[in-house]
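Please treat every number below as a calculation from the coordinates, not as lab data. Since the model is a prediction, treat every value here as computed from it, not as a measurement. Cβ: placed from backbone, ideal geometry, glycine included. Neighbour counts: every protein chain shown.
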Amino acid sequence: MTDTIDGRQWVALIRAMAEAVVARRDYLSALDSTVGDGDHGVSLAKALGEAARQTTALGDPSPESALHTAGSAIQNTMGGASGILFGAFFMGMARAIAGRPSATLSDLAAMSAAGLSEVQRRGKASRGDKTMVDALAPAVVAAQTAVVESQPLAEAVENIAEAARLGAESTKAMVAKFGRAKFLGERSLGYQDAGATSMSIMLSALAEGLKGEV
Amino acid sequence: MTDTIDGRQWVALIRAMAEAVVARRDYLSALDSTVGDGDHGVSLAKALGEAARQTTALGDPSPESALHTAGSAIQNTMGGASGILFGAFFMGMARAIAGRPSATLSDLAAMSAAGLSEVQRRGKASRGDKTMVDALAPAVVAAQTAVVESQPLAEAVENIAEAARLGAESTKAMVAKFGRAKFLGERSLGYQDAGATSMSIMLSALAEGLKGEV
Amino acid sequence: MSPRAKKLINRPDMILPEMLEGFAAAYPDIVRLTDEGLIVRRTPKAEGKVGLVIGNGSGHEPAMIGWVGRGLFDVNVPGEIFTAPGPNRIVQGIKATQSSAGVLVCVSHHAGDLINAEAALELARAEGICNADMVVLYDDISSAPKGREPERRGTAGLFFVWKMLGAFAETSGNLGACKALAEKVRDNTRSLSMALTSCIHPITGQLMFELPEDEMEIGMGVHGEAGAGRARLVSADDTIQRMLPPILADLPFRAGDEVIVLLNNSGSLTFMELSILYRRATQLLAETGIKIYRSWLGAYATTQEMAGFGLSLCRVDEQLKALYDAPANGAWFKSVG
Amino acid sequence: MSPRAKKLINRPDMILPEMLEGFAAAYPDIVRLTDEGLIVRRTPKAEGKVGLVIGNGSGHEPAMIGWVGRGLFDVNVPGEIFTAPGPNRIVQGIKATQSSAGVLVCVSHHAGDLINAEAALELARAEGICNADMVVLYDDISSAPKGREPERRGTAGLFFVWKMLGAFAETSGNLGACKALAEKVRDNTRSLSMALTSCIHPITGQLMFELPEDEMEIGMGVHGEAGAGRARLVSADDTIQRMLPPILADLPFRAGDEVIVLLNNSGSLTFMELSILYRRATQLLAETGIKIYRSWLGAYATTQEMAGFGLSLCRVDEQLKALYDAPANGAWFKSVG
Ligand SMILES: Nc1ncnc2c1ncn2[C@@H]1O[C@H](COP(=O)(O)OP(=O)(O)O)[C@@H](O)[C@H]1O
Ligand SMILES: Nc1ncnc2c1ncn2[C@@H]1O[C@H](COP(=O)(O)OP(=O)(O)O)[C@@H](O)[C@H]1O
Ligand SMILES: [Mg+2]
Ligand SMILES: [Mg+2]
Ligand SMILES: [Mg+2]
Ligand SMILES: [Mg+2]
């Protein structure tokens, strides 16, 4: 397994994320349907598909270019609050790796933190508000822990994905403060947040992708 | 039992017809619902109620005035094709007894024939077209037979009512040529026509009313 | 599936008067409600012009209360839900136009509308009103075969007659010319309607007809009357492909003709769907060389919340184009001109 | 009950482009569709006047594609069904106005619309476009309590902003004045919506929300967002009696005020029901001494075939009255003036 991730690898990872979401499209839409409008899987799958298509077309891009292209494609294909926020995640990551040929684990930790911060700048949600932040924030913590503990990249990305998965699961116990679900108040309790779930799916795909030597 | 029918008695008979239709309102609407728009019972009940109210308000009218008032009330309250046709039935009867204080059996035969002719002048339906004509026309024949055979009025009106009832029943085997049901063509087979049924109900109420010495 | 049992009404027998009261209160600058329950134009048309009256069953709103106003009808005589008004009420409507140049009673061909208008004209004549006439209008190709046009029923394509006749009568004092114009529009108009779902009769609370989940009905009347037949539900494009060719063949509309296209929403169809349907219609018309002069997508004659639409084409010449483009100001139909 | 699974579309992912293509083909004299998928006024407004742009999720037609035209919007940026368009597309919309006097991006307050507009303005500034600003608009009293108005969402009451701002910008070259006018209308407008039935999301084919047979939801958002709560289904009169007082108390509207009343059909409500509802509203307003200047009953912002309505009041002074009465000519909203 590689211990840095270059532009081509990022393109392959974006494709892997797209595939993972496409495979779980109906599940994600179903999650969104009880408390949202039920379109999350369909629209994220379409947006990531477009991101994969556009980044693949770049040929041999820098990590920044690959991630920025993906973010912009997601924002403009997906639209809505979630489109701009998923896009912001990629664009935040892009900015943190600007001008560099490949990303190390410590870059990955900085990139995910930058992605989170961009999501929060736009979306204003904090942990506990039952959004994608509840999957992403623990993943960022896990990445930073991995850096401190000098974990190998393979182990690190698994821990990152696992943290996101637990974070997504934890949203079941939360009352929504953002998105359509917020108008339901207490009625949103018991349901796992769709955006947190898809964030966790994407991070798992990243871990799997790296293990599979993209 | 009386053997002539004066204006006050006509008012009472119109009331009896209204009560009979009101009592069978839902049944008539249901008949109209498979092949029509399901409003027949509701609208005929409302129209006859208004006819009863207006004729009662006349106090001591002539038969012509009672029947004409009823017809006009039905036409303008009920509206639609059936409203004008049920109204035409009463107005045709009214014209045939114009200027006379009461109706004998032979008047009744002439009146019902005039009612039928007015219904047909406006509505253009013949026997076999699956309309109220299929109840009314045999009733007119029965009335004429009763005159020829010099039946007592009590027996005559029972025969008239029975002829209408059989006529209404016979519409089950007919394909509609008029009204909404005509657009169904063969699909209208097997259903008893609503307007024929209510015509038969009204003529039965007339027979019962006369037996009950209105 | 789909018919809506929940209706926002008070009592079934109060639907008509309450609707008229609310409607007239909302548009006091356009209409007024008379004591007889007629909807009359607030500002009468110029002296000496022909008055236009229409009586019809209610429940089809915006038709026809919303079509009273400048460049449209002078008087509407609203009957009970789906039920033509009686003859006395139509006579009241004729009188309410207060037109000295004559009155044209417009009849959308349905048995009830026709018989009541005939009886009303008899009554009017008996009362000494001699300058009233009627015109019988129809457009639905599904209700009788070609060659028997006068047996056809009136559906949403009469939109064209009302719009053009309304503009014409605004400046015409000639009753015969108005009738001839109405017939000209009628004879250049053809329609076919379809429904995806049934609807609930607001008075009886019952379904108007039944339609299975995977079927549609083509050739639907405006009161839920059955059509030429059931068909399997198909895509928007295929629906247009099924409905447009018989319309074109019936008149027939030919390459080089100019037409106005109407897609009438029967109730709960969306503008989204109407636009998608219209797209396919333009493609097919382009293939046949028929030129579209104007289009109107929207709800004009509805059947409660029935989901469906009517497709209507009117062949136009310079006169009809100008009449279509003339300004109109009804509560629920405006043309900027 | 009632949501309509049958839709006349072709493929879910083609709804937006096919709708736009059909719509633009139907109204070539009013709008044109750009290669970027924007709906732009056919005849640009006078040189030196402020351009008005709105981006929004589709599926609410006639809003907003039908509101582009003279006296209304210059450009609409239609997003996917119920999904605000991304920032690049809004920037394209800003450019498409070609206005030298500045561009006002109008935002009906929903998270997606707001965040994307903010990002678009950042992008525009980065591209050197400096005379663009945005205004955030809201009206729904059910979505946040009094005192926290800016947290409220935008619903059908924004009708008043679009109509009046559209008329204002037709003759104004002052971006700040346009924004202030929009805020003035917003701050004098209050709305509350209700639904009888849910609807089907045309892309997912799924129900947007569930509503039992004997209940209604009061405080409904325009995308089926839950409201303040469920209530038992009551009569038309009782529904108005429940909805109007909280609207009046919120502004508050007071005796002597003049208002324009909007009853917005969310989809499959009938004009029949709207008129019956309006009747009760006029009675209650008369009791409180509030004067009705004008009313508009009809579909402006819909949620597919959802059955329900929004009740909105706008307090008007002489300026706002004149702007409301000014002519407008969108494909699906016309004001004769
Ligand atoms: N302000 C926000 N910050 C972070 N995430 C958000 C925010 N608003 C919404 N989300 C995320 O978006 C998800 C919904 O996505 P999606 O269904 O695609 O959007 P929409 O609600 O517009 O249909 C939610 O589950 C939540 O995770
Ligand atoms: N042309 C006609 N001649 C005689 N009777 C008719 C004619 N058209 C309709 N009818 C009668 O009217 C009845 C329907 O009445 P109703 O339901 O009240 O009217 P609508 O069809 O307008 O709802 C039919 O069952 C039929 O008996
Ligand atoms: Mg969603
Ligand atoms: Mg009937
Ligand atoms: Mg009927
Ligand atoms: Mg959505």
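Remarks
- Mean residue ellipticity at 222 nm, helices only, chain B: -23000 deg cm²/dmol; runs of at least 4 DSSP H residues each add -39,500 (n - 2.57), and the sum is divided by the number of residues.
- Estimated distance in nm for a label pair at A:Tyr27 and B:Arg100, the labels positioned 7 Å out from Cα along Cα-to-Cβ: 8.9
- The range C:82-209: relative contact order in percent, alpha carbon pairs under 8 Å with at least 6 residues between: 22
- Test item: D:114-123 mean partner chain Cβ contacts at 10 Å: 4
- Taking amide H positions as modeled 1.01 Å from N, with prolines and chain starts lacking one, the residues under 5 Å from C:Gly57 and 5 or more places away or on another chain are C:Gly79, C:Thr83, C:Ala84.
- For the protein assembly as shown, the Cβ-based charge dipole about the Cα centre amounts to some 1700 debye (Lys, Arg positive; Asp, Glu negative; other atoms uncharged).
- For the range C:312-325, putting each phi into the Karplus relation 6.51 cos²θ - 1.76 cosθ + 1.60 with θ = phi - 60° gives couplings of 10, 10, 10, 7, 10, 10, 4, 4, 5, 4, 5, 5, 5, 7 Hz, in residue order, rounded to whole numbers and with x for Gly and Pro.
- The spread of Cα positions in the range B:29-78, taken along each principal axis and listed from longest to shortest, comes to 41, 15, 14 Å.
- Rounded to the nearest 500, the 222 nm mean residue ellipticity of chain D from helices alone is -10000 deg cm²/dmol, with -39,500 (n - 2.57) taken per DSSP H run of at least 4 residues.
- Taking amide H atoms as placed 1.01 Å from N in the peptide plane, the amide H of A:Asp6 lies under 5 Å from those of A:Ala103, each 5 or more residues away in sequence or on another chain.
- In sequence order, the range D:244-255 has phi-based couplings of 6, x, x, 5, 4, 5, 6, 5, x, 8, 10, 3 Hz under the Karplus curve 6.51 cos²θ - 1.76 cosθ + 1.60, θ = phi - 60°, and Gly or Pro positions carry x.
- Theoretical FRET efficiency, 1/(1+(r/R0)^6), r = Cβ-Cβ of A:Thr2 and D:Ala126, R0 30 Å, to 0.05: 0.30
- The HN-Hα couplings worked out from phi for the range A:68-75 by the Karplus form 6.51 cos²θ - 1.76 cosθ + 1.60 (θ = phi - 60°) are 5, 4, 4, x, 5, 4, 5, 4 Hz, whole numbers, x standing for Gly and Pro.
- Based on alpha carbons, the Rg and Dmax found for the range D:3-187 are 15.9, 48 Å.
- Between 0 and 90°, nearest 10: helix A:80-96 axis offset from chain A longest Cα axis: 30
- 0 to 90° range, to nearest 10: angle between helix B:133-148 axis and chain B longest Cα axis: 30
- Partner chain coverage, peptide A:43-51 - average Cβ within 10 angstrom: 1
- The antiparallel fraction among DSSP beta bridges confined to the range D:3-187 stands at about 25%.
- Computed magnitude of the charge dipole of the range B:5-211 (debye, nearest 20; Cβ of K, R +1, Cβ of D, E -1): 520
- Assuming charge only on the beta carbon of Lys and Arg (+1) and of Asp and Glu (-1), the dipole of the range C:3-187 about its Cα centre is about 420 debye to the nearest 20.
- Divided by 2.2 N^0.38 Å, where N counts the residues, the Cα radius of gyration of chain C comes to 0.95.
- Violating pairs (Cα-Cα greater than 31 angstrom) within the set D:Lys49/D:Lys291; C:Lys146/C:Lys291; D:Lys45/D:Lys291; C:Lys321/D:Lys45; A:Lys46/D:Lys334; C:Lys45/C:Lys184: D:Lys49/D:Lys291; D:Lys45/D:Lys291; A:Lys46/D:Lys334
- D (Stokes-Einstein, µm²/s), Kirkwood Cα radius, chain B, 1.567 mPa s at 4 °C: 78
- 37 °C / 0.692 mPa s Stokes-Einstein diffusion coefficient of the range B:97-214, Kirkwood radius on C-alpha pairs, µm²/s: 225
- Sorted on the mean count of surrounding Cβ atoms within 10 Å across their residues, most packed first, peptides C:251-264, B:29-42, A:192-205 read A:192-205, B:29-42, C:251-264.
- Straight-distance crosslink candidates among lysines, where the alpha carbon sits under 23 Å from B:Lys172 and sequence neighbours closer than 8 are dropped: B:Lys124, B:Lys130, B:Lys182
- Residue of C:Met134, C:Met272, C:Met164 that the Gaussian network model of chain C assigns the largest fluctuation, springs spanning Cα pairs under 10 Å: C:Met272
- Each residue in C:Asp214, A:Asp26 was given a count of other beta-carbon atoms within 10 angstrom of its own, and listing them fewest first yields C:Asp214, A:Asp26.
- Inter-copy label distances at A:Pro101 (7 Å, Cα→Cβ; nm, one decimal): 12.5
- Computed over the range C:189-335, Cα set: Rg, Dmax in Å: 15.7, 48
- As a rough guide to protection, the peptides C:21-34, D:170-183, B:4-17 ranked by mean Cβ packing within 10 Å, highest first, stand as B:4-17, C:21-34, D:170-183.
- Neighbouring partner chain Cβ atoms per residue of D:76-86, average, 10 Å criterion: 6
- Building the convex hull from the alpha-carbon atoms of the range A:56-145 and averaging its projection over directions returns 5.8 nm².
- Structural descriptor for chain C: relative contact order 19 percent, calculated from alpha carbon pairs under 8 angstrom and at least 6 residues apart.
- Each copy carries C:Ile129; placing its label point 7 Å along the C-beta direction from Cα gives inter-copy distances of 6.0 nm, listed from smallest up.
- Inter-copy separations for B:Glu19, label at 7 Å along Cα-Cβ, nm, ascending: 8.4
- Size of the protein assembly as shown: Rg and Dmax of its alpha carbons, in Å, are 33.2, 119.
- Under 5 Å between amide hydrogens, built in the peptide plane, is the criterion, and for C:Cys199 it picks out C:Met208, C:Phe209 among residues at least 5 positions away or on other chains.
- Top positive-direction residue, dipole computed over chain C with Cβ charges, set C:Leu196, C:Asn56, C:Ser295: C:Ser295
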